[in-house]
Amino acid sequence: MGSHSREDQKKETIEAVLENSLEIEEDLMRTYLITAERIHDDDELKDRLQNFAEGNAKRTKQLIDELNKDR
């Protein structure tokens with residue numbers, strides 16, 4: 001029973017870190033998207049910024065969802 005409690009604490013700690021990371025990623029995503037909107041002469045860079053921003057936040061959210069699914 002003690003290890004089960006430790007396992008729960010470990011998952012909660014990981015989830016807290018990921019939720020904090022998600023907030024940071026969402027702020028970065030907004031910054032990257034605003035920056036991408038200001039780029040008019042380099043479509044490839046604009047696309048890369050948009051994909052990068054959206055991808056990081058999405059992956060962090062997926063990890064949180066996976067942790068919650070196991071509960």
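The values are calculated or read from the model by the stated rules, or taken from the named source; none is laboratory data. Just so you know, these numbers come straight off a predicted model, no measurement behind them. No Cβ is skipped: glycine too gets one built from the backbone with ideal geometry, and neighbour counts run over all protein chains shown.
Please list, ordered by first then second residue, the pairs with beta carbon atoms under 9 Å, 6 or more apart or interchain, first in the stretch 4-21 and farther than 14 Å from Glu66 by Cβ, second not in a helix (DSSP H, G or I).
Asp8/Arg71
How many residues does the stretch 20-46 hold that are closer than 15 Å to Gln62 by Cα and in contact with a helix residue (DSSP H, G or I) (Cβ under 6 Å, 6 or more places away or on another chain)?
4
Would you pick out the residues in the stretch 14-55 that are among the hydroxyl-bearing types (Ser, Thr, Tyr) and either modelled with pLDDT of 90 or more or on the phi > 0 side of the Ramachandran plot (or both)?
Thr31, Thr35
Report every pair of residues separated by at least 6 positions or lying on different chains whose Cβ atoms are under 6 Å apart, first residue within the stretch 57-71 and farther than 17 Å from Asp8 by Cβ, second surrounded by fewer than 16 Cβ atoms within 10 Å (Cβ to Cβ) and at pLDDT 85 or above.
Hits for this filter: Ala57/Glu26.
Is one or more of the residues making up the stretch 28-46 in contact with an Asp or Glu (Cβ under 7 Å, 6 or more places away or on another chain), surrounded by 12 or more Cβ atoms within 10 Å (Cβ to Cβ) and of a type in the set (A, V, I, L, M, F, W, C)?
Looking through the stretch 28-46, at least one residue is in contact with an Asp or Glu (Cβ under 7 Å, 6 or more places away or on another chain), surrounded by 12 or more Cβ atoms within 10 Å (Cβ to Cβ) and of a type in the set (A, V, I, L, M, F, W, C).
Say we look at the stretch 5-55 and pick out the residues that are outside any helix (DSSP H, G or I) and of a type outside the set (Val, Ile, Thr); which of these is farthest from the chain's Cα centre (by Cα)?
Filtering first and then ranking leaves Asp41.
Please give the number of the condition Gly2 fails out of (1) at pLDDT below 85; (2) under 9 Å from the mean Cα position of the chain (by Cα).
Looking at each condition in turn, Gly2 falls short on (2).
Would you confirm whether or not the stretch 55-68 contains a residue that is loosely packed, with under 12 Cβ neighbours inside 10 Å and hydroxyl-bearing (Ser, Thr, Tyr)?
no
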